[in-house]
Amino acid sequence: MKKNSLKIIIGRTDVVDFPELNLFDIDIKVDSGAYTSSIHCHHIEVENNILKCQFLDPKHEKNHKKYLMFHDFSQKKVKSSNGIIEERFFIKTAIVIFEKQYTIQLSLSERGSMRFPVLLGRKFLSRKFIIDTSKKNLSLHKLITKL
């Protein structure tokens, strides 16, 4: 018999950390319509077997246009929200939300017109969270009340 683990209630937005990428207090949007999670980058290129890109988050000036480099990455075809199939790079990294660290796979995508630099998709959310779209920033609020 399967052990029934408790799921955490997550709102439609929140704030997370990516400690391995040295990115902290990053705004995310929960997107149950998306299968994969994605992070907003541009100037994505492979040079000498190293994937390089610039993280885009104008809200955080010290991180905005910060270069990220990955030795371990993959490429897959993904159908975007507008129905177009495109080749994207994927990386695995750590994410901290609700004071717990998880491994997450992120696709690198140009999200210049989007309000949030990171989307959390179903693949990450599944079996861990229940989404309450009437709530926002539940992980962040939990952290603030502890201080």
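The values are calculated or read from the model by the stated rules, or taken from the named source; none is laboratory data. None of the values given here were measured: they were computed from a predicted structure. When we count neighbours, we look across all protein chains shown, and the Cβ atoms used for this are built from the backbone with ideal geometry, even at glycine. Note: accessible area is taken over every heavy atom of the protein model, side chains too, but ligands, DNA and RNA are not part of it. Shrake-Rupley method; radii C 1.70, N 1.55, O 1.52, S 1.80 Å.
Tabulated data for the structure shown
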| item | result |
| --- | --- |
| Top-ranked residue in the range 55-81 [being buried (at least 16 other Cβ atoms within 10 Å of the Cβ), assigned to a strand (DSSP E or B) and not β-branched (Val, Ile, Thr); ranked as modelled with the highest pLDDT] | 70 |
| Flag for residue 129 being within 24 Å of residue 10 (Cβ to Cβ) and in contact with a Leu (Cβ under 9 Å, 6 or more places away or on another chain) | yes |
| Flag for residue 92 being closer than 30 Å to residue 142 by Cβ, in contact (Cβ under 8 Å) with a residue 40 or more places away in the chain and open to solvent by 40 Å² or more (accessible area, probe 1.4 Å) | no |
| Set 99, 110: member being at pLDDT 90 or above and either closer than 19 Å to residue 21 by Cα or open to solvent by less than 100 Å² (accessible area, probe 1.4 Å) (or both) | 99 |
| Filter result for residue 28 (in contact with a Phe, Trp or Tyr (Cβ under 9 Å, 6 or more places away or on another chain) and open to solvent by less than 70 Å² (accessible area, probe 1.4 Å)) | yes |
| Residues of the range 29-54 that turn out to be on the phi < 0 side of the Ramachandran plot, assigned to a loop (DSSP other than H, G, I, E, B) and not hydrophobic (A, V, I, L, M, F, W, C), as a count | 5 |
| Leading residue by the ranking (modelled with the lowest pLDDT) among those in the range 115-127 that are surrounded by 15 or more Cβ atoms within 10 Å (Cβ to Cβ) and farther than 21 Å from residue 70 by Cα | 116 |
| Odd one out for residue 102 among (1) over 21 Å from residue 14 (Cα atoms); (2) touching a residue at least 12 places away in the same chain (Cβ under 8 Å) | (1) |
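Let's see how each residue does on (1) of a type outside the set (Ser, Thr, Tyr); (2) out of contact with any helix residue (DSSP H, G or I) (no Cβ under 7 Å at 6 or more places or on another chain):
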{"site": "11", "(1), (2)": "yes, no"}
{"site": "32", "(1), (2)": "no, no"}
{"site": "45", "(1), (2)": "yes, yes"}
{"site": "50", "(1), (2)": "yes, yes"}
